[in-house]
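Before any comments, here is the structure.
None of the figures in this text is laboratory data; all of them are computed from the coordinates on show. Owing to the predicted nature of the structure, the values given are computational and were not obtained by experimental measurement. Here Cβ is always computed from backbone atoms with ideal geometry, including for glycine, and neighbour counts include all displayed protein chains.
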Amino acid sequence: MPWKVPYSGISNRLGLEEAEALVHVLGQDILMKGPTAQQFEREFAERIGVKHALAMTSCTTALFLAAQILKLQAGDEVITTPQTFWVTTWPMLARKCKIRFADIEPNTLNIDPNTIEPLITEKTKAICVVHFGGQAVEMDAVMALAQKYNLRVIEDCAHTPGACYKNRHVGTFGDVGCFSFQSLKNMTTGEGGMLVTNDDKLYEYAARLGTLHMHGEMMERTDKRIGPYREPEYYRDWHAQNAFNLDYVDGQFEVGNNFRMSDLQAAVGRVQLRKLDQNNDRRRAIAHRLNEGLRAIPGITVQAERPYAPHIYHLYSFFYDPQVVGASKDEFIRHLEQVEGIQIVVRFFPVHLLAEFRALGHQYGECPVAERLYFENQMQLPIYSHLTDEQIDHMIQGVRRAVEKLSA
Ligand SMILES: Cc1ncc(COP(=O)(O)O)c(C=O)c1O
């Protein structure tokens with residue numbers, strides 16, 4: 001049966017404004033990162049109230065760069081949440097850090113700060129939080145721990161452009177914040193991301209390493225020749241000029257990469273940024289309508305929304321109680337999909353139970369709340385700005401009918 005409410009591959013449909021912005025950029029003399037991406041960076045930084053923003057190819061590359069500029073290395077321990085898209089942990093794995101999984105709060109699905117402190121050891125270097133699904137983590141508690149134990153903080157803000165915690169935008173609390181503009185996200189450039197920081201040094205470091213340069217401590221060379229040759233006048237390339245004039249102290253340097261967003265993506269991003277509040281308001285309105293309808297159904301609980309952390313509903317999560325209904329989560333989802341035509345997703349498989357992490361010794365029982373919620377209770381309904389009122393009502397009635405049928 002065709003879906004009555006499919007899971008859309010795009011968060012909001014792009015229109016004429018994005019098309020016009022693209023056409024305008026196509027006339028530029030540069031299509032790689034140039035004036036449009038720089039303008040996008042300034043506007044994004046201003047919008048969220050941060051000093052520096054770096055437009056990147058994705059949130060994944062922003063997270064990789066964050067781990068690099070924070071100098072996370074083999075043997076360092078990083079504490080994070082099991083309730084995330086696994087890529088949050090990839091940069092730490094790639095740098096051979098040891099990952100320790102805290103547990104989550106049952107009603108927000110965010111990392112539970114109370115479960116972080118017991119995991120802190122002498123080797124702990126950083127906490128990586130994920131503002132899950134569109135609602136900010138309890139940042140006061142996380143930052144208090146970071147200060148107490150002198151830890152770095154990375155904020156994975158893939159789900160939260162436009163979300164605040166106590167009137168301050170997420171991504172501006174920790175050392176580095178990483179955003180995603182992939183197609184499903186609340187604002188999109190197709191693929192894309194943004195690294196943000198208030199730290200001048202980290203920004204300088206990220207800007208260098210994110211754009212193919214190397215980074216390390218340098219000193220002036222005394223003899224500025226290479227073999228018999230002096231620096232030729234035609235070398236206008238900064239990198240080649242360095243070769244004549246500077247040496248790395250101890251020969252140590254970090255290798256850069258090309259993580260630059262193109263001006264084409266940035267043109268779309270600038271328009272999407274202008275529409276962000278409107279699109280987030282639309283998602284909030286849809287979610288509140290779903291909440292109203294669903295909370296009256298026995299066996300269904302909706303997500304908690306803290307008044308000081310307004311939810312922007314990148315995901316619409318809700319909770320099903322198999323004990324109350326008398327049927328498993330699998331049976332419930334099967335009914336919603338096969339009888340009601342509502343496409344359900346379950347985000348995300350607990351990261352510590354992935355084969356990669358089990359191979360490293362992680363096991364079932366490590367994060368009881370995340371495990372129980374994933375296997376028994378939590379799931380997501382489709383949410384995107386082009387849902388119709390009929391589709392929203394169909395989801396509410398579909399859930400009601402599924403519960404009635406399964407509990408009969
Ligand atoms: C929590 C989280 N972090 C990071 C990412 C990676 O984002 P990107 O696709 O921009 O690399 C995602 C993508 O869905 C995500 O959900």
Legend entry - Dipole magnitude (debye, nearest 20) for the chain, charges at Cβ of Lys, Arg, Asp, Glu: 160
Inset, instruction - Please list, or write none, the aspartates and glutamates whose alpha carbon is within less than 15 Å of the alpha carbon of K123, excluding same-chain residues fewer than 8 places away. - result: D76, E77
Legend entry - the chain, Rg to Rh (Cα coordinates; Rh as Kirkwood inverse mean 1/r): 1.03
Inset, instruction - Would you grab the residues whose amide H sits under 5 Å from the one on G216? Only those 5+ places off in sequence or on another chain, please, with H modelled 1.01 Å from N. - result: E254
Inset, instruction - Stick to the Cα atoms of the stretch 276-407, pair each with every other, and give me the Kirkwood hydrodynamic radius in Å at one decimal. - result: 15.9
Legend entry - Positive-end residue of H362, T88, Q265, charge dipole of the chain with Cβ unit charges: Q265
Inset, instruction - Using Cα positions and a limit of under 18 Å, work out the aspartates and glutamates in reach of K71, with same-chain residues fewer than 8 apart set aside. - result: E122, E155, D156, D175, D199, D200, E204, E217, D250, E254
Legend entry - Segment N377-R274, length gained on full extension (0.36 nm per residue, minus Cα span): 33.5 nm
Inset, instruction - At 7 Å along the Cα-to-beta-carbon direction for both R168 and T222, put a label point, then send me their distance in nm to one decimal. - result: 4.9
Legend entry - Lys, Arg +1 and Asp, Glu -1 on Cβ, resulting dipole of the stretch 351-392 about Cα centre, debye, nearest 20: 200
Legend entry - Helix 200-209 vs. the chain, principal-axis angle (Cα, 0 to 90°, nearest 10): 80
Inset, instruction - Give me the number: length gained by fully extending E231 to A19, i.e. 0.36 nm times residue separation minus the C-alpha to C-alpha distance, one decimal in nm. - result: 71.7 nm
Inset, instruction - Return the inverse of the average 1/r over all pairs of distinct C-alpha atoms in the stretch 1-155, which is the Kirkwood hydrodynamic radius, in Å to one decimal. - result: 18.2
Legend entry - Using a Förster distance of 41 Å, the FRET efficiency for E122-N258 (Cβ separation, nearest 0.05): 0.65
Inset, instruction - Check each of the trypsin sites (Lys or Arg not before Pro) in the stretch 1-63 and keep only those in coil by DSSP with at most 13 other C-beta atoms within 10 angstrom; list them in order. - result: R13, K51
Legend entry - Using θ = phi - 60° and Karplus 6.51 cos²θ - 1.76 cosθ + 1.60, couplings along the stretch 307-320 (whole Hz; Gly, Pro as x): x, 8, 9, x, 7, 10, 6, 4, 10, 9, 9, 8, 10, 10
Inset, instruction - Can you tell me the 0 to 90 degree angle between the C-alpha axis of helix 35-48 and the longest principal axis of the chain, rounded to 10? - result: 50
Inset, instruction - Can you give me the P(r) profile for the stretch 248-345? Cα pairs, bins 10 angstrom wide beginning at 0, each as a whole percent. - result: 12, 27, 22, 18, 13, 6, 2
Legend entry - In sequence order, calculated HN-Hα J values of the stretch 18-23 (Karplus, 6.51, -1.76, 1.60; Hz; x Gly/Pro): 5, 4, 5, 5, 5, 4
Inset, instruction - Pull up all non-local amide H partners of V176: gap of 5 or more, or a different chain, and H-to-H distance under 5 Å with H placed in the peptide plane. - result: V153, E155
Inset, instruction - Output ³J(HN,Hα) for the stretch 162-175: one whole-Hz value per residue in order, computed from phi by the Karplus curve 6.51 cos²θ - 1.76 cosθ + 1.60 with θ = phi - 60°, and x for Gly and Pro. - result: x, 9, 10, 10, 6, 6, 10, 5, 4, x, 10, 8, x, 6
Inset, instruction - Give, in whole angstrom and from largest to smallest, the semi-axes √(5λ) of the equivalent ellipsoid of the stretch 86-198, with λ running over the eigenvalues of the Cα gyration tensor. - result: 22, 16, 13
Inset, instruction - Any chance you could give the angle, 0 to 90 degrees and rounded to 10, that helix 139-149 forms with the longest Cα principal axis of the chain? - result: 50
Legend entry - Ordering of 338-349, 214-225, 179-190 by burial proxy (mean other Cβ atoms within 10 Å per residue, highest first): 179-190, 338-349, 214-225
Inset, instruction - Quote the FRET efficiency, to the nearest 0.05, computed for N107 versus V339 with a Förster distance R0 of 35 Å and r equal to the Cβ-Cβ distance. - result: 0.80
Inset, instruction - Jot down the per residue volume, in cubic angstrom and as a whole number, of the convex hull over the alpha-carbon atoms of the stretch 136-275. - result: 148
Legend entry - Pairs beyond 25 Å (Cα-Cα), from K51/K98; K33/K98; K275/K329; K125/K201: K51/K98; K33/K98; K275/K329
Inset, instruction - Rounded to the nearest Å, what's the spacing between the alpha carbon centres of the stretch 22-70 and the stretch 215-231? Just the number, please. - result: 33
Legend entry - Choice from D277, D156, D330 with maximal GNM fluctuation in the chain (Cα, 10 Å cutoff): D330
